[in-house]
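Below: the structure, in structure tokens.
The values are calculated or read from the model by the stated rules, or taken from the named source; none is laboratory data. Note that this is a predicted model, so its numbers are computed, not measured. Cβ atoms come from the backbone with ideal geometry, glycine included; neighbour counts cover every protein chain shown.
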Amino acid sequence: MSLLATKDLTIRFGGHVAVNAVTCSFEPGTLTAIVGPNGAGKTTYFNLISGQLRASEGTVTLDGRDLSGASASQRTRAGLGRAFQLTNLFPRLTVLENVRLAVQATRDGDHKRGLNLWSVWSDHKALTQRADEILEAVAMKDKENEYVANLPHGDQRKLEVALLMALEPKVFMFDEPTAGMNAAEAPVILNLIRKLKSDKSKTILLVEHKMDVVRELADRIIVLHNGTLVADGEPAEVIASPIVQEAYLGVAKEATA
């Protein structure tokens, strides 16, 4: 049984169909890359899955639960974790405070307890310990007391992954995770995604333009073109297919130029 599935997922903006009846399922333990030319509908498809946009038609299900009418925050609580192209952080708080808040949000959703001084202290200690573990995992422990507003772009992207890890989602959704990063920064994010991929209970969706990254990380590629799903399969097979060569890589056009 698939963990995440979309059925006939569609959105229209006026007369323009940005995503056109996309039916696709995603299994635990797999990393699926979603590729296509600019304007193909990749980020819009992500927004429909995570709830930033409401579909005109179709459904989104997670673990058999229909989330089509759920808000973005409800989908996050259900287990959909989304990292954005633009960082979504608290700039006036420290790195540690950002991660601790994300850990606390997860724990608050898991249980409610009576308020007493011991529970406040023990909870605070446990939250900080978990936040420290996550910062170690993303190699940011040495920057825990720095304010987010003062971090370089690459560190902000690393912190965004840390917040996503703190939420402990069933599905990790990355929209161009290395966008705006230099050659030294990008490998750190890719290594984090590799670590997440080693957990076979998780499902990872990745929108990415860099085909070398796609070839290395993806177990599967789906291709969108003009909002329509045009290819789906193993990376080597999909990349070699004529429709991808023409629509995404422009090989046919170049050959006739």
Taking interchain pairs and intrachain pairs at least six residues apart, which have beta carbon atoms under 7 angstrom, with the first residue in segment 135-155 and free of Cβ contacts under 8 Å to residues at least 12 places away in the same chain and the second crowded, with 17+ Cβ neighbours inside 10 Å and part of a helix (DSSP H, G or I)? K141/L135
Which numbered condition trips up S50, out of (1) at pLDDT 90 or above; (2) over 14 Å from L167 (Cβ atoms)? (2)
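Among the listed residues A21, A40, identify the single one that is more than 19 Å from F172 (Cα to Cα), surrounded by fewer than 19 Cβ atoms within 10 Å (Cβ to Cβ) and touching a residue at least 60 places away in the same chain (Cβ under 8 Å). Walk me through it before giving the result.
Details: A40 fails: surrounded by fewer than 19 Cβ atoms within 10 Å (Cβ to Cβ).
Of the residues listed, the single one that is more than 19 Å from F172 (Cα to Cα), surrounded by fewer than 19 Cβ atoms within 10 Å (Cβ to Cβ) and touching a residue at least 60 places away in the same chain (Cβ under 8 Å) is A21.
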Matching residues, segment 187-207, being of a type outside the set (A, V, I, L, M) and either modelled with pLDDT of 95 or more or over 19 Å from the mean Cα position of the chain (by Cα) (or both): T203
For segment 208-220, which residues satisfy the criterion of being at pLDDT below 95 and either within 17 Å of A5 (Cα to Cα) or outside any loop (DSSP other than H, G, I, E, B) (or both)? M211, D212, V213, V214, R215, E216, L217
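Within segment 237-253, is even one residue surrounded by fewer than 20 Cβ atoms within 10 Å (Cβ to Cβ) and at pLDDT 90 or above?
The initial filter retains those residues of segment 237-253 that are surrounded by fewer than 20 Cβ atoms within 10 Å (Cβ to Cβ), namely 237, 240-243, 245-246, 249-253.
Still in the list and also at pLDDT 90 or above: 237.
Looking for residues that are surrounded by fewer than 20 Cβ atoms within 10 Å (Cβ to Cβ) and at pLDDT 90 or above, one finds at least one in segment 237-253, hence yes.
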